[in-house]
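Colleague: First, the structure itself, so that you have it in front of you.
The values are calculated or read from the model by the stated rules, or taken from the named source; none is laboratory data. On a predicted model such as this, the values are computed, not experimentally measured, just so you know. Every residue, glycine as well, gets a Cβ built from its backbone with ideal geometry; the counts of neighbours run over all protein chains shown.
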Ligand code: ADP
């Protein structure tokens, strides 16, 4: 209900769709369209159809900023009262004056140090009479609503960077799609093109010759070819204070098969019996430490099953081991879990919950079920025990997102490996679940954002 028909030269208003519960605005009947004073105006989306911008809504606290995003409906030249003409983006949003809501176009302008964060033009003042000598005729709101999270739906548009060498791969594209659906700005940062300013007091990540702006979230998707450099880049973002979906140390731990197995053992998470030794003298003992042949020998640097060898006899195992030792290629030796029947389970853990699973089976002439090695994926029902082990394994590594590979053995589930950049293509296709959205949803919860309402 409209309180009265009068508005003064300044009024409290709110822009709920931009998550701005209270703003002091100046009325200006000389302007047709309302305007919002925004900074860091940045266009995004597949057709550049969205805009993200910052605003300092609290008059007395210029350091407090909120980032909003909205759909662009137009771009037009606007001449402001000081005679300057600029090309502005136009968005459409709800404005609430004295409890009455109206949907209006608003232009975004990047002017510094404006006392009023918003100018209410004629398009929002329809039906009101202006009392140019009075203030706040529609009642007062309070800036406290920004600070009291409980009374206010706290949402903002996040700036998300995905660290990856493959901008067009399925998982990255799906993450961008899901982020944009929830009004966040998301872009790919080529891990190799990030360089680090470590020495200064102010840690920075540079890109294309300039320091990168602040990112709220970094999603590391670090391939095994650049683990070390990727970890350094993630570590730098951590130093800046950016929330990284997986931390540098947990990526490093899960990538190092040996360290990962030691950590799993420490947490009493079942895995195939595993042995490691550095000296060629110990070859026989290593073989004896496991249950003997058949054995699996794995290069520590292996991924996608490329450095995994099945030695069917003790003789074969011994010669493979000595060959690797001579090459100085670190490896582990593991019991071959035959009863897994060439299949393994992939459980996707996000924020401590198993959100999806699938079974992968090797082709007839291989024992490795990796999809990259020609394995076939299908739907599977997982047991409570498998679910619980996957969660524990992700937790032991400290990973917020993890693909946990489990073998089904006659002795129960055994964890094979934990992947810190699990691919989404195979598992989304099999489960028909929107897993990219689940990841964005988790990020929003971690950063304390309230739910998105359309
Ligand atoms: P990578 O990291 O290179 O993918 P994995 O340890 O995941 O290496 O092994 C690749 C595949 O080989 C697994 O998905 C699984 O199908 C098979 N495999 C690996 N280790 C064993 C084992 N101990 N017993 C049975 N199969 C195994």
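Colleague: Could you check segment 395-406 and list, in sequence order, the residues that are surrounded by fewer than 19 Cβ atoms within 10 Å (Cβ to Cβ) and out of contact with any helix residue (DSSP H, G or I) (no Cβ under 8 Å at 6 or more places or on another chain)? Steps first, please.
Modeller: As a first pass, look at segment 395-406 and keep what is surrounded by fewer than 19 Cβ atoms within 10 Å (Cβ to Cβ): 395, 398.
395, the sole residue that qualifies.
Colleague: Collect the residues in segment 322-341 that are touching a strand residue (DSSP E or B) at 6+ places or on another chain (Cβ under 6 Å) and surrounded by 16 or more Cβ atoms within 10 Å (Cβ to Cβ), keeping them in residue-number order.
Modeller: Matches in segment 322-341: 324, 331, 332, 333, 334, 336, 337, 340.
Colleague: Find the residue count for segment 216-243, including only residues that are more than 14 Å from the ligand (Cβ to nearest atom) and assigned to a helix (DSSP H, G or I).
Modeller: 14
Colleague: Continuing with the same structure: If you check residue 292 against the conditions, is it in contact with a strand residue (DSSP E or B) (Cβ under 8 Å, 6 or more places away or on another chain), more than 24 Å from residue 349 (Cα to Cα) and surrounded by fewer than 19 Cβ atoms within 10 Å (Cβ to Cβ)? Quick ask: steps written out before the conclusion?
Modeller: Numbers: in contact with a strand residue (DSSP E or B) (Cβ under 8 Å, 6 or more places away or on another chain): no; more than 24 Å from residue 349 (Cα to Cα): yes; surrounded by fewer than 19 Cβ atoms within 10 Å (Cβ to Cβ): yes.
The answer is no for residue 292.
Colleague: Still on this structure, I have one more. Is it fair to say residue 395 is more than 25 Å from residue 227 (Cβ to Cβ), away from the ligand (no atom under 12 Å from the Cβ) and out of contact with any strand residue (DSSP E or B) (no Cβ under 8 Å at 6 or more places or on another chain)?
Modeller: Details: more than 25 Å from residue 227 (Cβ to Cβ): no; away from the ligand (no atom under 12 Å from the Cβ): yes; out of contact with any strand residue (DSSP E or B) (no Cβ under 8 Å at 6 or more places or on another chain): yes.
When the stated conditions are applied, residue 395 does not pass them.
Colleague: Right, here's the next one. Can you pull out the residues in segment 425-454 that are touching a helix residue (DSSP H, G or I) at 6+ places or on another chain (Cβ under 9 Å) and on the phi > 0 side of the Ramachandran plot?
Modeller: 448
Colleague: Another one. When you check residue 120 against the structure, is it closer than 20 Å to residue 24 by Cα, in the same structural domain as residue 36 (by TED's automatic domain parsing) and in contact with a helix residue (DSSP H, G or I) (Cβ under 9 Å, 6 or more places away or on another chain), yes or no?
Modeller: Working: closer than 20 Å to residue 24 by Cα: yes; in the same structural domain as residue 36 (by TED's automatic domain parsing): yes; in contact with a helix residue (DSSP H, G or I) (Cβ under 9 Å, 6 or more places away or on another chain): no.
Answer is no for this residue.
Colleague: The conditions are (1) surrounded by fewer than 20 Cβ atoms within 10 Å (Cβ to Cβ); (2) in a strand (DSSP E or B), and residue 59 fails exactly one of them. Which is it?
Modeller: If we test residue 59 against (1) surrounded by fewer than 20 Cβ atoms within 10 Å (Cβ to Cβ); (2) in a strand (DSSP E or B), just (2) comes out false.
Colleague: If you don't mind, there's one more thing I want to ask. Which count do you get for residues in segment 407-424 that are touching a helix residue (DSSP H, G or I) at 6+ places or on another chain (Cβ under 6 Å) and within 16 Å of the ligand (Cβ to nearest atom)? Steps first, answer last, please.
Modeller: Here is the first cut: in segment 407-424, the ones touching a helix residue (DSSP H, G or I) at 6+ places or on another chain (Cβ under 6 Å) are 407-410, 413, 415, 418, 420, 423-424.
Cutting the leftovers down to within 16 Å of the ligand (Cβ to nearest atom) gives us 407-410, 413, 415, 418, 420, 423.
Number of matching residues: 9.
Colleague: Give 192, 202 a once-over and let me know the one that is surrounded by fewer than 15 Cβ atoms within 10 Å (Cβ to Cβ) and in a helix (DSSP H, G or I). Outline the logic, then answer.
Modeller: Details: 202 fails: in a helix (DSSP H, G or I).
Among 192, 202, only 192 is surrounded by fewer than 15 Cβ atoms within 10 Å (Cβ to Cβ) and in a helix (DSSP H, G or I).
Colleague: Counting only residues that are within 30 Å of residue 445 (Cα to Cα) and more than 11 Å from the ligand (Cβ to nearest atom), which one in segment 324-350 is nearest to the chain's Cα centre (by Cα)?
Modeller: Initially, segment 324-350 is screened for residues within 30 Å of residue 445 (Cα to Cα), giving 345-350.
Imposing the further condition that a residue be more than 11 Å from the ligand (Cβ to nearest atom) reduces the set to 347-350.
On the way: 347: 18, 348: 15, 349: 14, 350: 11 Å.
Once the filter is applied, the top-ranked residue is 350.
Colleague: Going through 369, 410, 421 one at a time, which residue ends up being outside the structural domain of residue 228 (by TED's automatic domain parsing) and within 25 Å of the chain's Cα centre (by Cα)? Full working, then the answer.
Modeller: Values: 369 fails: within 25 Å of the chain's Cα centre (by Cα); 410 fails: within 25 Å of the chain's Cα centre (by Cα).
Only one candidate qualifies: 421.
Colleague: If you go through segment 351-369 one residue at a time, do you hit one that is more than 24 Å from residue 164 (Cα to Cα), part of a helix (DSSP H, G or I), touching a residue at least 24 places away in the same chain (Cβ under 8 Å) and within 16 Å of the ligand (Cβ to nearest atom)?
Modeller: Scanning segment 351-369 turns up no residue that is more than 24 Å from residue 164 (Cα to Cα), part of a helix (DSSP H, G or I), touching a residue at least 24 places away in the same chain (Cβ under 8 Å) and within 16 Å of the ligand (Cβ to nearest atom).
Colleague: Another one. Answer yes if at least one residue in segment 372-384 is within 15 Å of the ligand (Cβ to nearest atom) and within 20 Å of residue 274 (Cα to Cα), and no otherwise. Steps first, answer last, please.
Modeller: If we filter segment 372-384 for residues that are within 15 Å of the ligand (Cβ to nearest atom), which is where we start, we get 372-378, 380.
In the following step, the residues that additionally are within 20 Å of residue 274 (Cα to Cα) were identified as none.
Within segment 372-384, not a single residue is within 15 Å of the ligand (Cβ to nearest atom) and within 20 Å of residue 274 (Cα to Cα).
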